[in-house]
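Participant: I'd like to ask some things about the structure below.
What follows is calculated from the coordinates using simple rules that are stated; it is not laboratory data. Just so it is clear, the structure is predicted and the values come from calculations on it, not from any experiment. Please note: Cβ atoms are built from the backbone with ideal geometry, for glycine as well, and neighbour counts cover all protein chains shown.
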Amino acid sequence: MRTKMRLLGFRGAAVKPLNEEAAAELGAELLGEALVFGVGGLCLYLEYLRQAGQSRRREEHLEQTLSDLRQGLEQLQRDLDELRAQGHAQGGAGYAQGGAGHAQGSSGNAPAQ
């Protein structure tokens with residue numbers, strides 16, 4: 001009872017001793033409330049951990065996707081540089097015609113040679 005009075009803000013108030021039945025009832029009530037608040041707090045904490053893990057996994061997935069896209073872009077850049085080097089090795093004029101012929105050939109309208 002003294003603990004309950006302190007929690008309510010009554011300091012130094014004289015409290016007469018409770019009988020055994022009232023003390024047991026009050027103790028059971030306090031224990032029940034503590035249990036309910038404890039379980040509620042645990043549920044909130046576990047939900048927070050679940051959400052944080054889900055957010056972390058989503059972020060890792062996005063980072064992995066971005067990394068894959070960067071690697072693909074770098075590979076395409078290397079392929080493009082290699083094709084340009086091959087075109088320059090065959091001659092500058094041939095490279096320009098070959099590029100235009102390739103573009104026409106992919107559309108299906110390439111002139112017969």
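Participant: Could you give me the ³J(HN,Hα) list for the stretch 34-47, computed from phi with Karplus coefficients 6.51, -1.76, 1.60 and θ = phi - 60°, whole Hz, x at Gly and Pro?
Facilitator: 4, 5, 5, 5, x, 5, x, x, 5, 4, 5, 5, 5, 5
Participant: Still on this structure, I have one more. So, in nm, how far is label Glu47 from label Leu30 when the simple model puts each one 7 Å beyond its Cα toward the Cβ?
Facilitator: Taking the simple label geometry, Glu47 and Leu30 are separated by 2.9 nm.
Participant: Still on this structure, I have one more. What list of ³J(HN,Hα) values in whole Hz, one per residue of the stretch 53-59 in order, does the Karplus curve 6.51 cos²θ - 1.76 cosθ + 1.60 (θ = phi - 60°) give from phi, with Gly and Pro shown as x?
Facilitator: Running phi through 6.51 cos²θ - 1.76 cosθ + 1.60 with θ = phi - 60° gives x, 5, 5, 5, 5, 4, 5 Hz.
Participant: Take the stretch 21-88, compute every pairwise Cα distance, and split them into 10 Å bins from 0; I just need the percent in each bin.
Facilitator: Taking every Cα pair in the stretch 21-88, the percentages come to 17, 18, 14, 14, 12, 9, 7, 5, 3, 1.
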